[in-house]
Each structure stands twice: as C-alpha cells, then as structure tokens.
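The values are calculated or read from the model by the stated rules, or taken from the named source; none is laboratory data. Given the structure is predicted, the values throughout are model-derived calculations rather than measurements. We place every Cβ from the backbone using ideal geometry, glycine too, and count neighbours over all the protein chains shown. Areas reflect the complete protein model, heavy atoms only, side chains present, ligands, DNA and RNA absent. Shrake-Rupley method; radii C 1.70, N 1.55, O 1.52, S 1.80 Å.
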Amino acid sequence: MKRKIGILLVSVLGLVTLVAGAGGFGILYLFWVYGRDLPDYSQLADYEPPVTTRVYAGDGRLLADYAVERRMFVPIRAIPRPVVQAFLAAEDKNFYSHPGVDLMGVVRAALTNLRNLGTSRRPVGASTITQQVAKNFLLTSEISLARKIKEAILSFRIERALTKDRILELYLNEIYLGYGSYGVAAAALNYFGKSLDELTLAEAAYLAALPKAPNNYHPVRNREAAIARRNWVIERMVEDGYAGAAEARAAGRMPLAVSGPPETEIYSAEYFAEEVRRELAQRYGERMLYEGGLAVRTTLSPRLQDIAQATLQEGLVAYDRHHGWRGSIDRIEPGAGWAERLHRVPRPDGLGAWRLAVALVADGEGAEIGFADGSTGRIPFAELAWARPRRDGQRLGPPVRAAADVLVPGDVVAVEAVSQPEGAKEGAAPYPPGTFALRQMPEIEGALVALDPHTGRVLAMAGGYSFQRSQFNRATQALRQPGSAFKPFVYLAALEAGLTPSTRVLDAPFVIDQGPGLGKWKPANYTNRFYGPSPMRMGIEKSRNLMTVRLAQTIGMERVASVAERFAVVDALEPRLSMALGAGETTLMRLTAAFAMLDNGGKRIEPTLIDRVQDRHGRTVFRHDARECPDCRAAVWRDQSVPEVADGRERLTDPISAYQIVSMLQGVVERGTGVRVKTVGKPLAGKTGTTNDSRDAWFVGFSPDLAVGVFVGFDEPRTLGPAETGSSVAAPIFRDFMARALADQPGIPFRIPPGVRLVRVDAESGLPAQPGDRNVLLEAFRPGTEPEGEVAVIDGGYVPAGLDLGTGGLY
C-alpha cells in the first residue's frame, strides 16, 4: 500500500513538474514570440513629452502659444506627494514593489471577473502604471491578448532600464485627464484653476479618478458618478495609509467645485505673432515649434503696438471716408421681424467694436436704426453727411442732402456709438444717448513698422487693417515699388561720389531713348513744372524727379545699385535710370530698416522680431544680440568700471555722408513734401513716396531713436485717386503715430558725427549766406567741400572736377 502511495506521489509530482515545465516553456515561448520586434523602450530614458511653446512680448506678457497637446511638464520631484499618493492609491498601490507587472493584482482581477460573470459589471483590469506607460508610449490601444503580452514584456524591460521615479514622471506628465488636459499640471489648472501645490486632498483624488475614463466622470455631465469615484479614491488613500480617517471624511463631504482655468491675458498682436511663428517654424521646424516647449522673448513693445494698429486703422478709415460711400453691407426685408432677420446676417470679419444695424426710417434729420437685440438708435445727419457716393477712380459723387440719399429701410450697415460730433470744440453740446455714426470698413490696405535704428529690434508691426479680414502681412510679404521713398539712396550715392548737399543740379526736361521699339522715356516732376538749377537738398526736400534722374545719370546707376544693395533695400537692382525713381520692388520692412541705417550713422542692422529663444530646459539657443560681455553678468556691484561692449556692426557708409542725408531728410519734414509731419514738434526726418498713377503711398522716417515706415495701397494695385500722394495718405499716419509714441519724451536732436562742418547757406541757391539773407539754413559739409562762390551745374553730361565717377555714366 505504501509502495502504491509512493508511486502515486511520484507520478503526481512528475505530472506537476511536467506541467510546470511545460508552462514555463510556454511562457518562455510566448516571451520569445512576442518579444521580437518590440519598440525600443530605451528611448523612454530621454523621452521629452510634447510641451507648449510660448511667445512673450518685450514686457513679458503672453503673445501666443503653440501646441499639439496643451501640456506643462513637471519633474517628479516638483509634484506634491499628496498628488502622487492619490494616483498610486487609485492606479497602482504596489508600484514601488512590483517588477512591472503586479502578479497579485492580476490574480485578484481574475477572481473578481469570475465572480462578475453573468452580471452587467465591466471586467476589471490589473494594469500597472508601468504597463500604462508601455501602452501609451510604445503600443496602441488595441484590445487583444497579444497586446497585453507585449505590454507585460515591455513593462519588465522598462523597469530594468528606468527608475521608478522616472516611470512615474512619464506617466503623470503624459496621461490624458479630460478637459483638454495632458498631464496632471494642465489638469489642475483646467479643472480647478490651481497649480499642483494648491490642490486639496479632494481635488487631487478627483484628478486621480480620471485616467481610466475622463468622460465617464465629467464634473458637470456625470457629477454623481464623478463624486462617487473621487470618494472611492479617498477611501483607497486611507487604506494605503496616505490619509487619515477624519481628513478623508472631510474631503468626501466637499462639493466637486470646478472653476476652470484662470483667464490668461494674451496680448493681441496677430500680424507680429504670425510672423514670429513663421520664423520659428523656418528656424527650428514645425515639430519643435508645436512640441518643443520653447520660450520666446520677442522685441514687441505693446505700447507702441497699440499706437501702430490704432493709427493705421484710423488713417485707412479716414482715406476711405474721404473717397465716399460704397453702399450697405447687406439688405434685409424691413418691417415686422427685422431684429430676427438682422440677427441672421453674418458679421463681417474685422468689424471690431462697430455694430451691425438696420436702417428703419430715413428722413431729412437723419436715420432711425435697429439692432439684433431689438434696441434702436439714431444716426444724425451730421454723422452720415460724409457718405457721398463713390465713383470710378476713387472720385466722389454729389453731396448728401438728406439721409435718404445714403440709406433706405432694410440697409444693413456698420455703426459706432458717439457722444459728440467729430471735431467738436470743448464745451460743445453732446449728443443724446443712443446716437450713432455711420461707418464703413475700408477697402484700402496698408502697413506700419516701427523699429529701433540701433539694434534692428522691431517694436511694432501692423500688417493690415485687420488680421481677421486678411492674414497677408503687407509689412513683410507685399513687394511694392517705393517710388520717391527710394531717392535718399540715390543722393547718398552722389554724396559718396564727392558731391555735396549744395551741389546744383539742373531741373529741366529730360528725354532718353530706351532702345529699339521701346520709345522715349520722359520723366516729369509731380507738378509738371521745371525749376532750373537747384541745390541737391532741394531735389530731395521737394522730391524732384528730374533732378534725381540727372543725378543718377551723372554718377552712374551702378553706383546707385551698389548703395541700394548695401543697405538691403533690394537684393539686386537693375542699373536702369527708372530705378532711381523707385521702380524696383521692395517691402516696407526692408525699406524701413534701410532708413534706420541712415539714422544710426550708416551701420548695418538686421531687423528682428525675436530677442531670445530658450529650450524647455531654459538653455538659450538663440540670441539676436550675439555680442559677448562676460563682465555684464556680474551679480553684485562692487564699484567696478562699466562694462564696454564692442560694436561689431558693419559700416555701410561713412558717418558724415549718413548725417548729410539725415539733415536733408529733416528738411523734407521742415520745408518739403513731408511738412504735415512737422506738427509733431520733435526733430524728425523722412521721405514721402508715390508711384505712377498714385498706386502706392509711402512715408518712411525716423527720430534719433525710432524708425517708422508706413505703406498704403490696394492689394490689387489701382489708383488711390486724383491728387493722392504719400504726403496726403501715408504721412498723416506717420505723424499721428510719432505724436503719440513720442508724447512723453523730450525732443532729441539728431546726433552730429565728428568732422562735420555746419555752414550757413542760402536755401534757394546752396551758396554761402550773405548778410541780410532771410531764407538761410545750416548745411552739413565734409571739411574742404564748403562752397565758396558760384559752382557749376550738373546737367547730366557735365562732370564737376573732383567727382569720383568710378565706372559711372548712362545706363
């Protein structure tokens, strides 16, 4: 009997051994089959989750952020312990003790699922945090046995390769917790408007309840289920020793109060922000832009940007009003139900603070209007008298004599609330409440750029009337002819060749044969008049085309092209005489930067919108100011000498020639085509620009420390109208910008470089002033070039003695 029992025991043990061996072999076989061609888990050691890139204005305000997933990465050492403990209690209480797979948890889940067979309860899982990391980072969400086996294999491997803290760090920063929240830091902000260290026990427990199914525990739609799940997590925390009973009871009684994220102040400068986005994408690639967590400090000055956008819009609206009324935005049936019909009218992009209204009654005194909310108002006749009908060529129709000439019942128009007549004097009677003015969104477009002439930092940029209406940036993307705004570079070339601001140039008819089949080119002055021999200064102040062409013919267009290319107005200028009058295309940004280089004494700058870029770890990866200054990093002041930073800017022209041009451009504002700007009352210089048929209007100028360019024109070029020029269209916008930008600053004179001789000359002749002369100015000369008497006149053929023509001539 004993022998039989022994044989039976041996047989059972043998069978158990055989089964165990087969099972072990089977497990090894599964590991071999499913362990092949698995993703490389070692990449997790250096994994950096996608993080939001943030762009800041110069004063630190948020300008824009770019992300695929809105995430804030928080190192594990910075995540508060209660938050970590809540997730461990809810997801994996044995995390710090299991090897990647919790075998006891697997058995417990299997038994639970057996007991729940035939019920409506969902099967429970036993995935560890490590397994969830393996699935989220390396596998798909496919529901299959094969995926679970691969997940387990990867989990064992991950545990051998990474520390527990690193695995937990990856998990807590990667998981999706609903409300557009990737990671616990984003969830704390989006649900409760708090940082992680501000969360209560109840709030941390609620976040820990979300990983399995955020939508099932939505705090509003599924409030009861959300509270029940949160309280379950709190109970688990008590069981695991992470919370006391009294603390847990208090947390369980707390209401689930979701406040949402605090309102983030994002400063709106959309043209500027989009230009920065394009530059970042070009420099670092789209993936780094949207996932790299860059911190970008830009050059933008919000104060100047507000002024830039406002003055540009005001200038474009003023031009548009000056050229008449184009008609209503839409029409609806007047009569009963008009408010509902008005509500269905689409709001035009770029309408801004203006409101849509429908004309109800139009009479001799004005028009009654209604709004989509059923309220009404009135437009007095004075606020629509400007709306003469627009004719072809930007011309005006007959004057408005009654409101019915402009509006009829059913017209849908833009209006703005007003409290007193435009331009009313102080003490004038105000309008009654509910008074509105007729408005019209302009067809005309334009741009304004302001930059620091010493560094190239772009302080403000308005690329159009409204970014919502058109994302095309006319400051950087529109190639247009600068017209007379190019002339300073012709005159600079002449100064470099040895001429002076007092050199007299013949202003008389000019004809040139352009070659076979091309006919004769006959440039003319804007006034269609001729002024005879005049000082070079007069040519730029009064924008004389004929003087400029003769000057370019004398010194040679190759010399002009060299200056234009040196100052980066264009990349390559064709050496044709028409180019001297601004026929070559450029952008507002390039032309403004070129003027800035005249302002700073002739030193090269590169326009930049970005001061500094840091990566997600805070390392600086780009800095616009690349100069080295070790002594600038001193943490404590110990009476050491002030650090000296070398000026490495390339010199483009000598400072005397640059100042002579600045002085001549100052004359444009004081006496010439830019005299409208003089009312600012500060030292300013600049140049108007108008192209053929008045298709483009420019004003580019500067103070000693601020360069500004303005462009106005239609996107599809056509005439701005009879008698419209850079002086009438663009200069007022420049003037208004400078008046506001420099309002709280003292007037600073332009800096005169060493070696300049200032001589009193007669403004009409350029010759030394005599006693009793009234029209006298101080002219800047290079030593030894001061006029001493009558000088020869440049007529396009005569070359004064001492003039350095180089390879100049007629082109």
Out of (1) open to solvent by less than 40 Å² (accessible area, probe 1.4 Å); (2) in a loop (DSSP other than H, G, I, E, B); (3) in contact (Cβ under 8 Å) with a residue 40 or more places away in the chain, what's the single condition that is false for Ala424? (3)
Condition (residue is in contact with a Phe, Trp or Tyr (Cβ under 8 Å, 6 or more places away or on another chain) and of a type outside the set (A, V, I, L, M)) applied to the range 644-652: is it met by at least one residue? no
Can you spot a residue in the range 354-372 that is closer than 30 Å to Leu720 by Cα and either basic (Lys, Arg) or part of a loop (DSSP other than H, G, I, E, B) (or both)? yes
Which one of these is of a type in the set (Gly, Ala, Ser), more than 29 Å from the chain's Cα centre (by Cα) and not in a helix (DSSP H, G or I): Ser562, Ser543? Ser543
Filtering the range 498-526 down to residues that are over 16 Å from Leu546 (Cα atoms) and either of a type in the set (Phe, Trp, Tyr) or within 41 Å of the chain's Cα centre (by Cα) (or both) yields Pro501
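Suppose we filter Leu189, Leu210, Leu168 for residues that are open to solvent by less than 10 Å² (accessible area, probe 1.4 Å) and assigned to a helix (DSSP H, G or I); which single one remains? Can you show your working first?
Working: Leu189 fails: open to solvent by less than 10 Å² (accessible area, probe 1.4 Å); Leu210 fails: assigned to a helix (DSSP H, G or I).
Of the residues listed, the single one that is open to solvent by less than 10 Å² (accessible area, probe 1.4 Å) and assigned to a helix (DSSP H, G or I) is Leu168.
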Every residue in the range 703-731 that is touching a residue at least 60 places away in the same chain (Cβ under 8 Å), part of a helix (DSSP H, G or I) and touching a helix residue (DSSP H, G or I) at 6+ places or on another chain (Cβ under 6 Å), please. Val729
Any residue in the range 50-70 that is farther than 30 Å from Leu304 by Cβ, open to solvent by less than 10 Å² (accessible area, probe 1.4 Å) and either small (Gly, Ala, Ser) or touching a helix residue (DSSP H, G or I) at 6+ places or on another chain (Cβ under 6 Å) (or both)? no
Report, ordered by the first and then the second residue, all pairs with beta carbons closer than 8 Å, sequence separation of six or more or different chains, a first member in the range 514-526 that is closer than 28 Å to Gly726 by Cβ, and a second member that is hydroxyl-bearing (Ser, Thr, Tyr). Trp521/Ser578; Pro523/Ser578; Asn525/Tyr531; Tyr526/Ser543; Tyr526/Thr690; Tyr526/Thr725
Right, Ala382: part of a helix (DSSP H, G or I), surrounded by fewer than 17 Cβ atoms within 10 Å (Cβ to Cβ) and of a type in the set (A, V, I, L, M, F, W, C) or not? yes
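Just for the range 303-325: of the residues that are among the hydrophobic types (A, V, I, L, M, F, W, C) and in contact with a Gly (Cβ under 7 Å, 6 or more places away or on another chain), which one is surrounded by the most Cβ atoms within 10 Å (Cβ to Cβ)? Reasoning before the result, please.
Step one: of the range 303-325, the residues among the hydrophobic types (A, V, I, L, M, F, W, C) are 304, 307-308, 310, 312, 316-318, 325.
Retained after the next criterion (residues that are in contact with a Gly (Cβ under 7 Å, 6 or more places away or on another chain)): 312, 316.
Details: Leu312: 26, Leu316: 22.
Among those residues, the one meeting the criterion is Leu312.
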Would you mind stating whether Gln468 is surrounded by fewer than 19 Cβ atoms within 10 Å (Cβ to Cβ) and either of a type in the set (Lys, Arg) or closer than 20 Å to Glu270 by Cα (or both)? yes
Here the residues within the range 641-650 that are over 30 Å from the mean Cα position of the chain (by Cα) and open to solvent by 70 Å² or more (accessible area, probe 1.4 Å) are Ser641, Val642, Glu644, Ala646
Which numbered condition Ser328 fails, given (1) outside any loop (DSSP other than H, G, I, E, B); (2) touching a residue at least 12 places away in the same chain (Cβ under 8 Å); (3) surrounded by fewer than 21 Cβ atoms within 10 Å (Cβ to Cβ); (4) not aliphatic (A, V, I, L, M): (1)
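Residue check: is Arg401 assigned to a loop (DSSP other than H, G, I, E, B) and open to solvent by 10 Å² or more (accessible area, probe 1.4 Å)? Talk me through it step by step, then tell me what you get.
Working: assigned to a loop (DSSP other than H, G, I, E, B): yes; open to solvent by 10 Å² or more (accessible area, probe 1.4 Å): yes.
When the stated conditions are applied, Arg401 passes them.
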Cβ pairs under 6 Å, 6+ apart or interchain, first in the range 550-570 and over 13 Å from Gly582 (Cα atoms) and open to solvent by 20 Å² or more (accessible area, probe 1.4 Å), second part of a loop (DSSP other than H, G, I, E, B) and of a type outside the set (D, E, K, R), ordered by first then second residue, are Gln553/Gly796; Gln553/Leu810; Glu558/Pro575; Glu558/Thr807; Arg559/Gly808; Arg566/Leu652
Looking at (1) modelled with pLDDT of 95 or more; (2) farther than 30 Å from Val793 by Cβ; (3) open to solvent by 10 Å² or more (accessible area, probe 1.4 Å), find the lone condition where Glu496 falls short. (2)
Of the residues Met589, Met536, which single one is of a type in the set (A, V, I, L, M, F, W, C), at pLDDT 95 or above, open to solvent by 10 Å² or more (accessible area, probe 1.4 Å) and under 24 Å from Leu684 (Cβ atoms)? Met589
Taking the criterion of being under 30 Å from Thr455 (Cβ atoms), assigned to a helix (DSSP H, G or I) and among the polar types (S, T, N, Q), would at least one residue in the range 281-296 satisfy it? yes
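Residues of the range 192-207 being in a loop (DSSP other than H, G, I, E, B) and under 18 Å from Ile129 (Cβ atoms), which ones?
First, the residues of the range 192-207 that are in a loop (DSSP other than H, G, I, E, B): 193-195, 199-200.
Result: no residue meets the conditions.
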